[in-house]
1. Using a cut-off of 16 Å between alpha-carbon atoms, which lysines can reach K5, once sequence neighbours fewer than 8 places away in the same chain are excluded?
2. What are the ³J(HN,Hα) couplings of region 39-55, residue after residue, when phi is run through the Karplus curve with 6.51, -1.76, 1.60 and θ = phi - 60°? Round to Hz, x for glycine and proline.
3. Would you mind ranking T30, T72 so that the residue whose beta carbon has the fewest other beta carbons within 10 Å leads the list?
4. With everything on Cα atoms, drop me the angle between helix 13-25 and the longest principal axis of the chain, reported from 0 to 90° to the nearest 10.
5. Treating only the Cβ atoms of Lys and Arg (+1) and Asp and Glu (-1) as charged, compute the dipole magnitude of the chain about its Cα centre; round to the nearest 20 debye.
6. Among T30, P70, F7, whose Cα lies farthest out toward the positive end of the dipole of the chain, if unit charges sit on the beta carbon of Lys, Arg (+1) and Asp, Glu (-1)?
7. When P(r) over Cα pairs in 5 Å bins from 0, in percent is calculated directly from the model, which label among (i) 3, 14, 18, 17, 14, 9, 7, 6, 5, 4, 2, 1, 0; (ii) 3, 12, 19, 17, 10, 7, 5, 5, 4, 3, 4, 3, 3, 2, 2, 1, 0, 0; (iii) 3, 10, 14, 16, 15, 9, 5, 4, 4, 4, 4, 4, 4, 2, 1, 0 fits?
Amino acid sequence: MADRKSFLLRLDPAVYDALTRWANDDLRSTNAQIEFLLRRSLTTAGRLPKDAGKPARRGRPPKKQTDPPPSTNSEQEPED
């Protein structure tokens, strides 16, 4: 994934709450929602740089493949 630029953004609390609700509706974080909206606005205005990295992938990372747990043989008789 490309490096991300961090910066402080001051928002009106009501605007932040509205963004957070919208992000939750779209199953995004508030940060991802803000980036999505900024990218969409830049694209619409024809101002998204050609060298802009791709947006971060949504959702959880894929689970790592692991070996299946050893099977238990239910037909074995209990030991005394």
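Every number in this text was worked out from the coordinates using simple rules, so none of it is lab data. Predicted model only: the values in this text are computed from it and were never measured. Reconstructed Cβ throughout: ideal geometry from the backbone, glycine too, with neighbour counts over all protein chains shown.
1. The qualifying lysines are K54.
2. Once θ is set to phi - 60°, the couplings for region 39-55 become 5, 5, 5, 5, 5, 4, 7, x, 10, 6, x, 5, 8, 5, x, 6, x Hz.
3. Listing T30, T72 from fewest to most nearby Cβ atoms yields T72, T30.
4. 40
5. 1180
6. About the Cα centre, the residue reaching furthest to the positive side is F7.
7. Structure-derived value, by its label: (iii).
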